[in-house]
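Here's the structure we're looking at; comments come further down.
The values are calculated or read from the model by the stated rules, or taken from the named source; none is laboratory data. Not measured: the values here are computed from a predicted model. Methodologically, a virtual Cβ is constructed for each residue, glycine included, from the backbone with ideal geometry; neighbour enumeration extends over all protein chains shown. Heads up: the accessible areas ignore ligands, DNA and RNA and are worked out on the full protein's heavy atoms, side chains in. Shrake-Rupley method; radii C 1.70, N 1.55, O 1.52, S 1.80 Å.
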Amino acid sequence: MPDQSHDPSSAGDNALPPVRAIQAFEAIVRCGSVAAAADELGVSSGAVSQQLRKIENELNVRLLKRDGRSLTLTSWGRIYYEQVRVAFDELRRAQHRLQVARSKQGIVLSAPASLASWLKRPLLEWSSANPTVSLRLIGSEKEPELQDEGIDFRLCYGTDVRRYDRFSELFRDAVVPVCSPDFLRAHPVANEADLLAAPLLDITWDSRHRPPPSWADWAWSAGLGPPKRASRLSFSLPSAAIDAAAEGAGFALGQISIVAELIRSGRLVAPIDRRLRLPEPYFLAWERDALDLPTCADFRNALVAAGHQQQHLSAD
């Protein structure tokens with residue numbers, strides 16, 4: 001039998017208690033005591049107790065009962081608190097979002113760290129054309145909560161884009177064997193079989209993604225069997241494998257979007273241009289209200305255009 005002082009059915013269904021009384025009740029339960037709730041709300045314990053009595057009188061039920069030196073929820077209190085807690089959590093979240101929005105300046109973009117090299121060129125070009133707008137790039141493999149974290153855009157891969165409501169496809173990348181010039185001089189290759197006999201570097205991705213093309217896939221595309229020698233090094237980050245290749249550790253299947261600049265600068269070479277496409281494309285996602293600002297819409301269009309250009313480069 002629920003612990004009650006009055007019949008709750010006698011209370012008006014639509015009549016709400018004062019907000020201060022609801023706030024006091026929520027704070028008591030969440031903080032664990034009247035004193036802790038008073039400290040948080042910046043009032044006296046007597047004021048909090050008064051608000052608790054007021055809400056119980058308004059609702060015609062007893063919400064809390066004293067158990068020794070502590071207060072515990074009655075059955076009615078548990079029912080009421082479940083919904084009140086959700087409402088106050090949403091209010092706190094709304095306030096946090098507003099504070100983030102007010103403090104944020106410019107455009108914030110989040111992307112996997114491995115794609116920083118690809119983003120460098122379109123970001124520099126757009127920034128030069130829009131010198132009054134600040135740009136901030138956050139390198140992270142974790143998919144962010146855009147609105148909560150004050151992020152306008154997220155560059156993501158494959159099925160990760162399902163987390164977001166608004167997105168556009170950028171490009172589907174491809175991989176090609178790359179190594180350092182010094183390594184190639186020490187391990188010259190005339191064909192695919194020569195390359196597969198050289199030291200190879202493996203790349204393994206997070207299990208939530210479909211695996212990237214492997215050396216066995218690359219060998220099969222050339223009509224050859226899988227490499228006879230197991231790779232001596234394996235990396236979870238493509239950028240780490242590419243850095244190792246640039247340092248002379250072996251051949252890596254590097255993504256075109258990441259290795260193109262290194263090839264142009266002479267740090268890497270691609271002696272055999274046999275490419276395999278990644279199983280899924282990259283996407284650009286954005287926060288719901290981001291495109292309300294003309295500068296953000298222009299920024300989105302610039303990145304999408306750069307992605308389409310990369311699509312042609314990766315497919316060549």
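What pairs come out if I take residues in the stretch 219-231 that are in a loop (DSSP other than H, G, I, E, B) and pair them with residues that are of a type in the set (Lys, Arg) whose C-beta lies under 7 Å away, six or more apart or interchain?
Pairs that qualify, where the first residue is in a loop (DSSP other than H, G, I, E, B) and the partner is of a type in the set (Lys, Arg), are ALA222/ARG274.
Please enumerate the residues belonging to the stretch 249-275 that are outside any helix (DSSP H, G or I) and open to solvent by 30 Å² or more (accessible area, probe 1.4 Å).
Those that are outside any helix (DSSP H, G or I) and open to solvent by 30 Å² or more (accessible area, probe 1.4 Å): GLY266, ARG267, VAL269, ALA270, PRO271, ASP273, ARG274, ARG275.
For the stretch 156-168, check the following and say yes or no: at least one residue is open to solvent by less than 30 Å² (accessible area, probe 1.4 Å), closer than 25 Å to ASP243 by Cα and assigned to a strand (DSSP E or B).
Looking for residues that are open to solvent by less than 30 Å² (accessible area, probe 1.4 Å), closer than 25 Å to ASP243 by Cα and assigned to a strand (DSSP E or B), one finds at least one in the stretch 156-168, hence yes.
Take the stretch 136-148 and flag every residue that is under 18 Å from ASP289 (Cα atoms) and either in contact (Cβ under 8 Å) with a residue 60 or more places away in the chain or hydroxyl-bearing (Ser, Thr, Tyr) (or both).
Within the stretch 136-148, LEU146, GLN147 meet the criteria.
For the stretch 260-294, which residues satisfy the criterion of being within 27 Å of THR204 (Cβ to Cβ) and aliphatic (A, V, I, L, M)?
Across the stretch 260-294, the qualifying residues are ALA260, LEU262, ILE263, LEU268, VAL269, ALA270, ILE272, LEU276, LEU278, LEU284, ALA285.
Among the residues of the stretch 109-149, how many are modelled with pLDDT under 90, buried (at least 16 other Cβ atoms within 10 Å of the Cβ) and assigned to a helix (DSSP H, G or I)?
3
Taking the stretch 217-235 as the search range and keeping residues that are of a type outside the set (Lys, Arg) and modelled with pLDDT under 85, which one is least open to solvent (accessible area, probe 1.4 Å)?
Across the stretch 217-235, the extreme among qualifying residues is SER231.
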